[in-house]
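Computed from the coordinates by the stated procedures, all read-outs in this text should not be read as laboratory data. The model shown is predicted, which means the values in this text are computed figures rather than measured ones. Cβ: placed from backbone, ideal geometry, glycine included. Neighbour counts: every protein chain shown.
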């Protein structure tokens with residue numbers, strides 16, 4: 001239901017002009033059926049245009065190359081510094097501070113995705129004590145047999161204290177075949193047929209010289225995709241209809257707050273959506289953690305999320321993997337950036353109790369009831385009506401009470417999955433091609449595990 005007054009949204013992310021696309025097909029069984037098929041060895045259908053691969057188990061960590069790292073076992077296996085293999089001085093480009101760090105490195109096996117890719121988006125989950133940070137790099141092989149260099153996909157720390165670097169993407173990376181756009185590796189001209197046919201991820205763990213602390217990385221992975229240009233996408237049929245009572249947060253009630261973080265609440269759709277999903281799982285920052293927020297501001301957890309997802313190079317809170325990394329700083333939480341293939345995929349997840357954060361671009365006429373247009377906006381999808389329409393906790397609302405909105409299924413699916421669209425002036429622009437954040441708690445049910453597997457998260 002749309003609020004009575006028009007709502008506002010602001011461009012969050014200009015989507016890449018590389019070949020993105022609409023996708024089709026996904027598992028259609030209920031989670032209980034998916035659980036049965038999983039135990040019997042059958043493989044549910046998945047998005048044929050995207051392939052997520054993650055490393056998050058002890059055997060997976062042992063399969064990589066350790067250069068000074070160790071595998072930390074337990075309920076949440078990960079990698080940490082065992083012995084530094086070198087030192088380096090890092091001058092923070094955003095503070096000009098210099099500090100000496102020692103480091104260790106873990107490199108994944110070479111992975112050949114089922115989808116030779118025009119785009120790859122890595123994401124990670126980690127704990128970074130004060131004075132520590134990590135860097136994720138990507139390297140791969142093109143379909144013409146040549147190799148990419150190591151590209152920096154992100155420098156991450158959860159904090160921003162005096163001993164922390166400023167989390168940042170790295171601009172101006174290219175080899176004249178592909179480029180890095182904030183958090184995304186993209187083939188420069190997909191129409192040539194050039195694709196990335198395999199890749200490796202490299203994680204470098206840093207700590208200040210003299211410190212005994214270490215980052216602990218629980219998951220690293222990447223979504224590879226080749227989604228063709230498309231203005232229209234196939235329609236899915238409604239099957240698994242459930243609405244989750246996800247807490248509602250408006251970004252617009254934060255207008256003007258902390259403009260140093262991307263101009264304030266009018267640009268906070270991504271951290272606001274992430275906050276909603278985290279709150280559903282029972283995770284909000286403590287009063288101590290949000291003590292820096294002006295006490296006159298409502299919902300300080302949204303301000304907190306904006307601050308701690310902020311990318312100092314991008315100068316925004318919409319860096320996709322920075323949002324899922326932030327989510328993973330809460331006890332037991334995991335999160336990935338991926339592409340889903342249809343609303344059926346979201347049905348599978350929400351039916352299992354997992355809200356989904358989606359990225360889309362549209363003009364007001366594309367989406368009845370929105371009352372605004374945007375070149376990039378995040379929403380938290382919380383389920384479906386009995387008629388199969390999409391129930392969205394849309395943060396671009398004038399109050400928390402107005403956040404719940406119902407959008408027509410066909411309109412929303414097309415807006416979210418297409419890769420080409422027309423703006424208000426009739427010019428051709430790009431679309432998001434099904435990008436989503438998927439978050440899940442440490443204690444997942446059998447149905448949730450089956451749902452994650454059904455949409456290709458492993």
Viscosity 1.306 mPa s, temperature 10 °C, Stokes-Einstein D of region 50-225 from Kirkwood C-alpha radius, µm²/s: 96
Pairwise label distance in nanometres, residue 399 with residue 65, each label 7 Å out on the Cα-Cβ vector: 5.9
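With both bridge residues required to lie in region 50-225, what share of the DSSP beta bridges run antiparallel, to the nearest 5%?
Details: 63 of 64 bridges.
Counting DSSP beta bridges with both partners in region 50-225, the antiparallel share is about 100 percent.
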Inter-site label distance for residue 424 and residue 315 at 7 Å from Cα along Cβ, in nm: 2.3
Neighbour-count order for 315, 413, 401, 266, fewest beta carbons within 10 angstrom listed first: 401, 315, 266, 413
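What value in Å³ per residue do you get for the convex hull of the alpha-carbon atoms in the chain?
Convex hull volume per residue, Cα atoms: 138 Å³.
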Debye intensity ratio in log₁₀ form over the Cα atoms of region 222-340, taken at each q of 0.20 Å⁻¹: -1.13
Taking region 50-225 and dividing mean pair separation by its residue count, relative contact order in percent (alpha carbons under 8 Å, at least six apart): 33
Neighbour-count ranking [beta-carbon atoms within 10 angstrom, fewest first] of 110, 157: 110, 157
For q = 0.11, 0.20, 0.23 Å⁻¹, Debye-computed log10 I/I(0) when each Cα of region 271-366 counts as one equal scatterer: -0.38, -1.09, -1.28
Computed [θ] at 222 nm, deg cm²/dmol, the chain (DSSP H ≥ 4; -39,500 (n - 2.57); rounded to nearest 500): -4500 deg cm²/dmol
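Counting other C-beta atoms within 10 Å, which of 258, 326, 351 has the fewest, and how do the rest follow?
On the way: 258 19, 326 29, 351 22.
Ascending number of Cβ neighbours within 10 Å: 258, 351, 326.
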